[in-house]
Amino acid sequence: MQKTRNGNGNSKLRPLALSATALALAGLLAGCAGMSSGGKGSSTGMKVSSSAFGDNGTIPAEHAGVGDCGGKNISPPVAWSNLPAKTKSVAVLVFDPDGAAGLGVSHWVAYNIAAERGELKAGEGAAGSNFDFTMGPNVAGTPAYRGMCPPVGDRPHHYVVTVIATELAPGSLPAGLGRDALLAALKGRALGGQSVVGLYSR
């Protein structure tokens, strides 16, 4: 829910709109969570974190876009552990459901990442740096991390960093998959997912 004010200055609550891609991810992860231990795997115990910020904490400005966005366009560090059994690779997504007037903005799409890697270090989302994993196009169409840049004066946007465990071996998926295409490709192949959420405003 989001608090707004009417013409009399009184506060009221209205529901936040979810983008189609946010709903798609929610559906994919709900399906993963519903798997029993007798299926492909279970997401129970899977952990995702960032050493740059805590869950629902403020993301340091260096991870924002350059220039007026206030940062250095450095992708945040992301770590994962306790993956479901049979996990071979993971995908990492950074998505702002508050961006684009509530339609959502995709900041980072990374996949074909070996599960045993355990993390993506800060800055590994730079264009041309993905030597052992694949990056798909962000909202601008570039296969790289795109730093945060919410409109000036907006309430803090929520940046959802999601790690999806998959049964696919690293390198199985083709290059060029954007967020929606990746989620579609992972249906039936995902084993579990967890997210950490950071906040940023200007």
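The values are calculated or read from the model by the stated rules, or taken from the named source; none is laboratory data. Bear in mind that the values here come from a model prediction, so they are computed numbers and not experimental data. Don't worry about glycine lacking a Cβ; one is built from the backbone with ideal geometry, like all the others, and counts go over all protein chains shown.
Could you check Thr134 against (1) over 20 Å from Ala100 (Cα atoms); (2) surrounded by 23 or more Cβ atoms within 10 Å (Cβ to Cβ) and say which number it fails?
All conditions pass for Thr134, except number (2).
Quick grid of which residues meet (1) in contact with a strand residue (DSSP E or B) (Cβ under 8 Å, 6 or more places away or on another chain); (2) of a type outside the set (A, V, I, L, M, F, W, C); (3) within 20 Å of Pro76 (Cα to Cα); (4) outside any strand (DSSP E or B):
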| site | (1), (2), (3), (4) |
| --- | --- |
| Ile113 | yes, no, yes, no |
| Glu116 | no, yes, yes, yes |
| Phe131 | no, no, yes, yes |
| Arg146 | yes, yes, yes, yes |
| Pro170 | yes, yes, no, yes |
| Ala185 | no, no, no, yes |
| Gly198 | yes, yes, yes, no |
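How many residues does the range 44-64 hold that are surrounded by fewer than 18 Cβ atoms within 10 Å (Cβ to Cβ) and modelled with pLDDT of 95 or more? Before you say what the answer is, go through the steps one by one.
Of all residues in the range 44-64, those surrounded by fewer than 18 Cβ atoms within 10 Å (Cβ to Cβ) come to 44-45, 47, 51, 54-58, 60-62.
If we keep only those that are modelled with pLDDT of 95 or more too, we end up with 47, 51, 54-58, 60-62.
Selection size over the range 44-64: 10.
Residue pairs, Cβ under 7 Å, 6 or more apart or interchain, first in the range 98-117 and at positive phi, second assigned to a strand (DSSP E or B). List them.
If the second residue must be assigned to a strand (DSSP E or B), the pairs left are Gly104/Phe95; Gly104/Asp96; Asn112/Ser89; Asn112/Thr134.
How many residues are in contact (Cβ under 8 Å) with a residue 40 or more places away in the chain and over 18 Å from Leu183 (Cα atoms) when one looks only at the range 129-150?
Total meeting the criteria: 5.
I need a count of the residues in the range 148-168 that are surrounded by fewer than 20 Cβ atoms within 10 Å (Cβ to Cβ), of a type outside the set (A, V, I, L, M, F, W, C) and part of a loop (DSSP other than H, G, I, E, B).
The qualifying residues number 6.
Which ones in the range 125-152 are at positive phi and at pLDDT below 95?
Gly128
Filter the range 45-101 for residues that are outside any loop (DSSP other than H, G, I, E, B) and acidic (Asp, Glu); which is farthest from Gly136 (Cα to Cα)?
Asp68
With the structure loaded, tell me whether Ala91 is touching a Leu at 6+ places or on another chain (Cβ under 7 Å) and at pLDDT 95 or above or whether it fails that test.
Yes.
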